[in-house]
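Remarks on the structure that follows.
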Ligand code: ZN
């Protein structure tokens, strides 16, 4: 036992050092690296990737993992959880034939370019053959990895969110379909009357930066262990708890975009930064899962960031920076803008209420693609049909419909549902939090320290040392229940849109 533990820890230490370096380089590539460096960088990173592969597949390391897995009952909780995950990954590498891996790498090396071109040309046909190959690969991939417990699309769902299967997602999305589709129709019919004209005025980048820094401080993002920069698409990178970085993108004519990006990414960053120091040397020093991570970002973005009390507190500052543009804009008007509901085509631009319907549509299609009840050639037609059913508007361009997201071109099937699940987790956490603290009162304060502390204590500190289901139990005292999410949305938007 002692020997195997030592071997495992040695290899882990080496792997973590490589991962650390690779993420720092990755961050650099996304933010400040000069455009001409990538050929050379690719060469160097290729060597590093090979070294990593050698460590991951080293006989001694594999033997140690297998030994620890067989003796997992003797390990402490955190290490047991880690070893079970390591074993899962290891089996995966062993179950998929080498030739499949090589073929898929070739396929994925060009697929996102082909997708991007097809999207630009608004022509699904141009992507169809490639997507067909990807779907065929994914169906074979499922077959390689199927177990007694996990079959079909469940194999993919479990990769992105451990413990979530078709059964649970069906229950979740059926509830959303039943309650939210008719409610969204009501909200859209009702509409809201307010001035939007100021929203598309020009807002200087340096002013937007000031606002972003302000909100970063309100949310208590630790500047000693994190920085904020610009990139094309906002994201968060964590290199362990000591160094967490976020990016935003400034659009001069969309001032709300950078505000909600910074709040969203700070939510991710707080999670990464507040994992317990005890987990620093392990593989558990990050978020527990995709949906758990998204639950934190969306908790800050939507539940805090679009809350009436929170905005009332901070609107005067926003107004003081954008003096000219917001001079005649009342708080009520601003609040309505921030929470406006629209039937829109693009998922990433969707509002809080309609967002899960965009995700539900993708889930339905993925499920059918993976079990073979629809084929790639039918996908565009099926997309447009479902879209009309959920939103009541007709998709006219593939770039606004089936071609809008990058995910499928990279083979990421099973990823989308975690986006909606994250929002739903967040609402369940809110419900539990309200039993311990006066949430609305906290939002009237200078910063969100007390709210942060609750999330750290109930979720962040555990990092990835527990499964999402265990974390849900610890934080809320019950299993995942999507009703909290539906209640939250209907309650909030009934008030904003004065619906009985
Ligand atoms: Zn996110």
Item to check | Over segment 73-137: Kirkwood hydrodynamic radius from C-alpha pairwise inverse distances, Å | outcome: 14.6
Item to check | Largest to smallest principal axis extent of the C-alpha atoms in the chain, angstrom | outcome: 69, 51, 51
Next on the checklist: Sorting check: for 141-148, 202-209, 102-109, which peptide has the highest mean count of neighbouring beta carbons within 10 Å, and how do the rest follow?
Outcome noted: 202-209, 141-148, 102-109
Checklist outcome for this item: One point scatterer per Cα, no solvent, Debye formula: log10 I(q)/I(0) for segment 1-46 at q = 0.27, 0.31 Å⁻¹ comes out as -0.94, -1.07
Next on the checklist: Using the Kirkwood formula on the Cα atoms of segment 115-198, what hydrodynamic radius do you get, in angstrom to one decimal?
Outcome noted: 16.9
Item to check | Alpha-carbon radius of gyration plus Dmax, which is the widest Cα pair, for segment 115-164 in Å | outcome: 14.5, 44
Checklist entry - Can you give the relative contact order of the chain as a percent, counting alpha carbon pairs under 8 Å and 6+ residues apart? => result 20
Checklist entry - What percent antiparallel are the DSSP beta bridges of the chain, to the nearest 5? => result 40
Item to check | Near-label residues of segment 188-210 by backbone N, under 14 Å of a point 7 Å along Cα→Cβ of residue 498 | outcome: 190-194
Next on the checklist: Let's test this: bin the Cα-Cα distances of segment 358-408 at 5 Å from zero up to the farthest pair and state each bin's percent.
Outcome noted: 4, 20, 35, 27, 12, 2
Checklist outcome for this item: Counting only backbone N atoms under 18 Å from a point 7 Å out along Cα-to-Cβ of residue 377, the residues of segment 388-405 in range are none
Checklist outcome for this item: The distance between the Cα centres of segment 69-135 and segment 455-483, in whole Å, is 27
Checklist outcome for this item: Taking only the alpha-carbon positions of segment 42-110 as identical scatterers, the Debye log10 I(q)/I(0) at q = 0.23, 0.26, 0.28 Å⁻¹ comes out as -1.06, -1.16, -1.21
Checklist entry - Based on the alpha carbon coordinates of segment 152-193, what radius of gyration and maximum Cα-Cα distance (Dmax) apply, in Å? => result 15.3, 47
Checklist entry - Does anyone have the angle between helix 449-458 and the longest principal axis of the chain? Alpha-carbon axes, 0 to 90°, nearest 10? => result 30
Next on the checklist: Using Stokes-Einstein with the Kirkwood hydrodynamic radius over Cα pairs, what translational diffusion coefficient do you get for segment 306-346 at 4 °C and a viscosity of 1.567 mPa s, in µm²/s rounded to a whole number?
Outcome noted: 116
Checklist entry - Which value, in Å to one decimal place, does the Kirkwood hydrodynamic radius take for segment 306-399 when every pair of different Cα atoms is included? => result 16.0
Checklist entry - Ranked highest first by the average count of other Cβ atoms within 10 Å around their residues, in what order do 474-480, 61-67 fall? => result 61-67, 474-480
Checklist outcome for this item: Protection proxy (average C-beta count within 10 Å per residue), highest first, orders 300-313, 379-392, 276-289 as 300-313, 276-289, 379-392
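At 0.36 nm per residue, minus the direct Cα-Cα distance, what do residue 84 and residue 58 gain on full extension? Give it in nm, one decimal, please.
Residue separation times 0.36 nm, minus the Cα-Cα distance, leaves 7.5 nm.
How big is the shadow of the Cα convex hull of segment 39-168, averaged over all directions, in nm²?
Averaging across all directions leaves 11.3 nm² for the Cα convex hull.
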Checklist entry - In degrees between 0 and 90, to the nearest 10, how far off the longest principal axis of the chain does helix 308-321 point, with axes built from Cα atoms? => result 80
Checklist entry - Remind me, relative contact order of segment 1-72 in percent, using alpha carbon pairs under 8 angstrom and six or more residues apart? => result 65
Item to check | Bins of 5 Å from zero: percent of alpha-carbon pairs in segment 222-278 | outcome: 4, 21, 30, 20, 12, 7, 3, 1, 0
Checklist entry - Angle between the Cα long axis of helix 98-120 and the longest principal axis of the chain, 0 to 90 degrees, nearest 10? => result 20
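FYI, it's all coordinate maths here, none of it is from the lab. Every value quoted in this text rests on a predicted model; they were computed, and no experiment measured them. Using ideal geometry, Cβ is built from the backbone for each residue, glycine included, and neighbour counts are taken over all protein chains shown.
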